[in-house]
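Structure record follows, encoded as structure tokens.
Nothing in this text is a laboratory measurement; each read-out follows from the coordinates by a stated rule. Treat the numbers as computed from the prediction; the structure is a model and nothing was measured. In this analysis, Cβ positions are derived from the backbone assuming ideal geometry, glycine residues included, and neighbour counts consider all displayed protein chains.
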Amino acid sequence: MIKVFGHKAPDTDSVGSAILWAWYLNAHTSSDATPYVLGELNKETIFVLDKWDIPEPERLETVGAGDEVVIVDTTNPDELFGNINDANVIQIIDHHRLAGGLSTPGPIDMTVRPLACTATVIHDLMGKHIDELPEYLLGLMFSCILSDTLAFRSPTTTPHDKEVAEELAKKLSIDIPSYADELFAAKSDLSDVSDSRIVRLDGKMTDVGDKHILVSVAETTTPEQIIERKQGIVEAIKAIVDREEDIDEVLFFVIDLFSEEATAFTYNSFTAGIIAASFGVSVESDTEVLPGILSRKKQIVPVLRLPEA
């Protein structure tokens, strides 16, 4: 049996892509595949699964030597199990930069394309079989693309992502702006989510110089609700850094989907210095508003640099 899964901080695209590709493997190959998640789902993903009446995939706790695995929505071993290289990774489908560190016992089928969403890549890989997708999976695919493109606001959005989403919306008779409002309302409801969980909800590791940094974002239509919790979130960040040896520091950004800007938490000299050096701003307080910044992948991680000594 093939285990299909994405990264440890599951979002709508990683979960949806695992479900979609497992369906394809079962329906159009001789393989027996099952989708899994590696962590707790966020509210947006729960909303999407409920909306399309899709059962939540079982949570996978580890992989064993020889397990056949398909990885979607990441190539970064820091976002997977520590023993991922013990598994037999047979395929990777992704849309991120290569991180390095994965090894396989033999050649694999690997597709990494410069699109905004793994589900768009999967749409293309399915080819003519896309017409056989049941409505609930069409809705899931559409939701993945709308989520990862921030309803086409994200600078990662390509014309092809938009074209595929609009084609799916037409098949489903969905009004895109109305559905986007529902999606982002679910994403923004963090009222009962702990400070620590908010930090880990959507975080990806990246190396900046000699520092191993967790770059965490909270995408929301109500940024003030998260910024008001700044003190608790900063305390949670400090606890994470103290507890986890592989994290040197955390950069936390509140992404305002309506105003299309990011607020960075600059709560110590390190975060103030790296934000100033990376974005060319003069940091004067414990938050810094960065106009036009929406995408971690395209606008945050690529520009990060340590301040000169």
**Q.** Percent antiparallel among DSSP beta bridges (both partners in the chain, rounded to 5)
**A.** 40 percent
**Q.** Degrees between helix 12-28 axis and first principal axis of the chain (Cα, 0 to 90, nearest 10)
**A.** 20 degrees
Q | For the chain, calculated [θ]222 nm from helices alone, where every DSSP H run of n ≥ 4 adds -39500 (n - 2.57) | A | -11000 deg cm²/dmol
Q | GLU235-ARG197 pseudo-label distance in nm [points 7 Å out on the Cα-to-Cβ vector] | A | 1.8 nm
(Q) Pairs of alpha-carbon atoms within less than 8 angstrom and 6+ residues apart define the contacts here; what relative contact order does the chain have, in percent? (A) 13 percent
**Q.** Global geometry of region 16-89, whether rounded, prolate or oblate, following the gyration tensor of its Cα atoms and the 1.5 cut on a/c
**A.** oblate
**Q.** Efficiency of FRET between PHE152 and ALA185 - r from beta-carbon atoms, R0 30 angstrom, step 0.05
**A.** 0.95
Q) What percent do you get for the relative contact order of region 195-303 when only Cα pairs under 8 Å and 6+ apart count? A) 24 percent
Q) Hey, got the dipole for the chain? About the Cα centre, +1 on K and R Cβ, -1 on D and E Cβ, debye to the nearest 20? A) 460 debye
Q: Have a look at ASN42, ASN85, ASN268 and tell me which one the Gaussian network model of the chain (Cα, springs below 10 Å) gives the largest fluctuation.
A: ASN268
Q. Any idea how far the Cα center of region 210-257 sits from the one of region 1-45, in Å?
A. 27 Å
Q.
Taking 8 Å as the Cα distance limit and 6 or more residues as the minimum spacing, I'd like the relative contact order of region 115-162 as a percentage.
A. 54 percent
Q | Simple Cβ-charge dipole of region 195-303, Lys/Arg +1 and Asp/Glu -1, about Cα centre, in debye nearest 20 | A | 240 debye
Q) Over what distance in Å are the Cα centres of region 81-108 and region 129-171 separated? A) 26 Å
(Q) Ranking request for peptides 252-264, 13-25: highest mean number of other beta-carbon atoms within 10 Å first, then the rest in descending order. (A) 13-25, 252-264
Q: Could you check what % of the DSSP bridge pairs in region 217-309 are antiparallel, to the nearest 5?
A: 70 percent
Q) Say R0 is 25 Å: what FRET efficiency, to the nearest 0.05, do ARG97 and ASP248 get from their beta-carbon distance? A) 0.80
Q | Computed E for GLU56/MET205 - FRET, C-beta separation, R0 25 angstrom, nearest 0.05 | A | 0.50
Q.
Taking the beta-carbon count within 10 Å as an exposure proxy, list LYS204, LYS8 from fewest neighbours to most.
A. LYS8, LYS204
Q | Rounded tilt (10° steps) of 176-188 against the dominant C-alpha axis of the chain | A | 60 degrees
Q. Picking from ASP248, ASP148, ASP73, which is most flexible by a Gaussian network model of the chain using Cα springs under 10 Å?
A. ASP248
Q: Over the alpha-carbon set of the chain, work out the extent along each principal axis and list the three values in angstrom, largest first.
A: 58, 46, 33
(Q) Which order do the peptides 225-233, 101-109 come out in when sorted by mean C-beta neighbours inside 10 angstrom, highest first? (A) 225-233, 101-109
(Q) Just to confirm the number: angle between the C-alpha axis of helix 135-148 and the first principal axis of the chain, 0 to 90 degrees, nearest 10? (A) 20 degrees
Q: For region 166-277, just say rounded, prolate or oblate: build the C-alpha gyration tensor, square-root its eigenvalues into a ≥ b ≥ c, call rounded for a/c under 1.5, and beyond that prolate if a/b exceeds b/c, oblate if not.
A: prolate
